[in-house]
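Laboratory data are not the source of any read-out in this text; all were calculated from the coordinates shown. Being a predicted model, the structure only gives us computed values, none of them experimental. Cβ: placed from backbone, ideal geometry, glycine included. Neighbour counts: every protein chain shown.
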Amino acid sequence: MTFARWYNRSLNKIWGFVEDRTSMKKWALRPQPDFTFKPSYWTGAFVVNAFLYQVISGALLLLYYQPSTAPTLTACGQTAGAFSVAPAAWCSTYYIINSVPMGSLLLSTHLYGAYAMIFLMFLHFFRGYYVGVYKAPREFSWMVGTLLLLATLGMGFTGYLLPYTQLSLNATNVGIVLALRLPTVGPLIGPFILADGTSQGLLSRMFDAHVLLIPVALAALLYAHIALFESHGIAPPATSDPLQRRRFTEKEDKKHVPFMPHIFFYITKWGLLYVGVLFGIAALWPWQLTAYAGNVAAAGIVTEPDWYFLWLFKLVDFTGVTPVIAVAVTNVLLVYVLLLPFLDRSKRTHPRDRPFFIWIATSLLGFFVLMTVWGGETPGVQIAPMQVATTIGPIFLVNAVVIGLFHWRYRQSYRRRLASRAEPFAGPFPSGRPAPAAPVGTTEVGARE
Ligand code: HEM
């Protein structure tokens, strides 16, 4: 027997034993078609990987972090006299960076991990938007996803204050002013956020929300999100075929790749790569702790949030945009995302068949990128209405022209193809008559019903 055969047989034997003794097939997630072995199908799993790393690194940071604003003479006081009266929260962060073995790496990976999780979540969101995964039967998956988006941003917001730097305190205060303007919700959450009105009260509430309330809510939502995913199976590729079935049958499942170990290992491989890259970046560019809140050296510091809230901060800089208007804009966006599955009712999922909704997504993407860069370059600088119109207007206009032209060309070529096949034009567009029989290869995904 060759070594390779012996090796494979041994592995199969061991795996068979594990499968049998754990009854894995009964509890593992459902099998998936092999075309899903592409990163684009597992963007949500990458967010889960990032979340798991946040939980682990956060639990380790908790061993040293003190959520207190009381002046401390310990920890950082011993390392540098100038810091001897700094708040304990800042001091314990300083201690983690300077005295805990690998502490700087741990803290930096936790912070950059948060950025990465938010970035991957937006990637997952936009990928889902473009390929129309929110369409039937996945409306609730999308809506739970929107709540996950909120919870993830909430994790970022509450975590920002914890090092207790002047920068983080200023930005948190601006965020709180905006949150309190939320209709109905604002007055309700106000007392919870502000506690007794002291800085200690605020820090304690943010800490509680960051390490307990939001993670528990996030885990519960994630459970629901994955349970829904499990019940529908993975969304099939985007198509212009309105008759495409959107779920797998039980019979087809048996022909698919089992989740354990194949898909699990595939996702784990990406997870390990993720952690490796995170450590590399954190080792090369460790996070720097800025001056603590109340430090005289921090008096003139510019208020700036983390990158994912910069667009909102810049919005408040526009002349005439009050916090109430900024909050209203945010709410309209949220309601739009939440109800998207009920707004876009066409059965076709391919981007070329949904020009209006693709125009909105692409314009919003351009808007967020522009506002983020703008907010980072000129934080707190007032912008006149004319400049707003000439900077933001072209994004929406250019997108409309480009997407309109693409759609028009596609419509022409579709007509030509049908004419050459001497079939009547059935219209791949919402206003058209029923589409022709599905092209071969687009209905490979069967129905569960
Ligand atoms: C913390 C944030 C999130 C996590 C951890 C998460 C996790 C996941 C996971 C693991 C899946 C299974 C398929 C995959 O790996 O891509 C999934 C699918 C899905 N997610 Fe999310 N998600 C998050 C946020 C969102 C958001 C913001 C939306 C949209 C508003 C969303 C909508 C969906 C939909 C519709 C599916 C089913 C897609 C399919 O079957 O391919 N998710 N998500």
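Observations, loosely collected:
- GNM result for the chain, Cα springs below 10 Å: residue of LEU278, LEU333, LEU148 fluctuating most strongly: LEU333
- Principal axis dimensions, largest first and in whole angstrom, of region 201-263 by Cα: 56, 32, 15
- In a simple Cβ point-charge model (Lys, Arg +1; Asp, Glu -1; nothing else charged), the chain has a dipole of about 2140 debye relative to its Cα centre.
- For region 1-135, size of Cβ-based charge dipole, Lys and Arg +1, Asp and Glu -1, in debye: 720
- Annotation: the chain has a Kirkwood hydrodynamic radius of 25.2 angstrom, from the mean reciprocal C-alpha pair distance.
- Each pair of Cα atoms in region 1-79 enters the Kirkwood radius, and Stokes-Einstein at 25 °C and 0.890 mPa s then converts it into a translational diffusion coefficient of 134 µm²/s.
- A dipole drawn for the chain from +1 and -1 charges on Cβ atoms has a positive end, and of SER108, PHE342, ALA293 the residue lying farthest that way is PHE342.
- Where labels lie 7 Å past Cα in the beta-carbon direction, separation of PHE140 and LEU339 in nm: 2.1
- The chain: relative contact order in percent, alpha carbon pairs under 8 Å with at least 6 residues between: 22
- The stretch between SER420 and ALA389 holds 6.6 nm of extra length on full extension. This uses 0.36 nm per residue minus the Cα-Cα distance.
- Rounded FRET efficiency, nearest 0.05, which uses the C-beta distance separating ARG127 from MET24 and R0 of 30 Å: 0.55
- Between ILE383 and PHE318, THR319, the built amide H atoms are under 5 Å apart, and every one of these is 5 or more places off in sequence or on another chain.
- In terms of Cα atoms, the Rg and Dmax of region 281-360 work out to 20.1, 61 Å.
- Put the Cα centre of region 376-409 next to the Cα centre of region 104-158 and the gap is 25 Å.
- The H on the amide N of GLN32, modeled in the peptide plane, is under 5 Å from the matching H of VAL257, PHE259, each at least 5 residues off or on a different chain.
- Remark: region 246-388 is approximated by an ellipsoid whose semi-axes, taken from the C-alpha gyration tensor as √(5λ), come to 39, 29, 13 Å, largest first.
- Remark on region 155-237: ratio of C-alpha radius of gyration to 2.2 N^0.38 Å is 1.40.
- The chain - mean residue ellipticity at 222 nm from DSSP helices (-39,500 (n - 2.57) per run, n ≥ 4, rounded to 500): -20500 deg cm²/dmol
- Magnitude of the charge dipole, region 271-430, Cβ model with Lys/Arg +1 and Asp/Glu -1, debye to 20: 1260
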